[in-house]
Amino acid sequence: MVVLGFKPNSRRRSRIKSSASSVFDVTKGRSHYGPGGGYHHFAGRDASRAFISGNFTGDGLIDSLHGLSSLEVKGIVDWRKFYFERYRYVGKLVGRYHDSQGNPTKYLKGVESKAKRAAQLEEKQKIEEAKIPSCNSKWSQEEGGEVWCETGYPRLVKRPVDIALTGRVSQRCACYKEDELGKPGLVVYDGCDYLSKVCRV
């Protein structure tokens, strides 16, 4: 995601960052992108994938997003938006994402479509989950974790949209009224009474 270059007509070295092959001048962030900086690994290449994977080795510093989930792809597109807002946009890098004329390739269009779909699914999930309030929770090293409901009873419930977003099934703790506890898919926490408002986790 970062390419080192030089500003025209300047002796000062300039850090140029490329996210999904949109190139940005990040000279003002030299402490992050220069030698020894936290993001210096990106110098000289479009390493978009590493922004999500955290793999800063040679085989991780690549521009391919193949195999990433919709949510991960959205994360990279969101990073690109951040750089448009924070740094000076200077051009496009010809390759996977832009052709020699600077036009978006099918690969870039696919990436942006996947990110847009993820945003729509996130919004859908947010709306659905707002109908059933989440549990309160706390955790400490001494006492461990605890979930509780001011109104209703704690239950684990699957988040089906996560399958499309991340490729994995996850669960959340939600507070259900007593007359809703017979719904399929609701799981009582291990060691927690059926009508307990507080559960240890």
Any chance you could give the angle, 0 to 90 degrees and rounded to 10, that helix 106-130 forms with the longest Cα principal axis of the chain? 30 degrees
Which net charge results when you count Lys and Arg as +1 and Asp and Glu as -1 among the other residues whose beta-carbon is under 14 Å from that of A119? +3
Residue by residue through the range 151-157, which ³J(HN,Hα) values in whole Hz follow from phi under the Karplus form 6.51 cos²θ - 1.76 cosθ + 1.60 (θ = phi - 60°), with glycine and proline marked x? 10, x, 10, x, 9, 7, 9
Roughly speaking, what is the stretch gain from K106 to R172, that is 0.36 nm per residue apart minus the C-alpha to C-alpha distance, in nm to one decimal? 20.1 nm
Take the Cα gyration tensor of the chain, multiply each eigenvalue by 5, square-root it, and list the three semi-axes largest first, rounded to whole angstrom. 45, 20, 13
Determine the distance separating the Cα centre of the range 33-59 from the Cα centre of the range 119-175; give it in Å without decimals. 33 Å
Loop-exposed GluC sites (Glu not before Pro) per DSSP, neighbour cap 16 Cβ within 10 angstrom, longest uninterrupted part of the chain: 1-141
Per residue of the range 194-199, what does 6.51 cos²θ - 1.76 cosθ + 1.60 with θ = phi - 60° give for ³J(HN,Hα)? Whole Hz please, x for Gly and Pro, Karplus curve as stated. 4, 10, 7, 8, 10, 10
Roughly how tilted is helix 70-86, in degrees to the nearest 10 and between 0 and 90, from the longest Cα axis of the chain? 50 degrees
If you project the alpha carbons of the range 26-98 onto the principal axes, what extent comes out on each, in Å, largest first? 33, 25, 23
With every protein chain present, what is the per residue accessible area of the range 80-201 (1.4 Å probe, Å²)? 68 Å²
In the Gaussian network model of the chain, springs joining C-alpha atoms below 10 Å, which of L181, L165, L108 carries the largest mean-square fluctuation? L181
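The values are calculated or read from the model by the stated rules, or taken from the named source; none is laboratory data. Remember, it's a predicted structure, so these values are computed and weren't measured experimentally. Cβ sites come from the backbone with ideal geometry, for glycine too, and all protein chains shown count toward neighbours. Note: areas computed on protein heavy atoms with side chains; ligands, DNA, RNA excluded. Shrake-Rupley method; radii C 1.70, N 1.55, O 1.52, S 1.80 Å.
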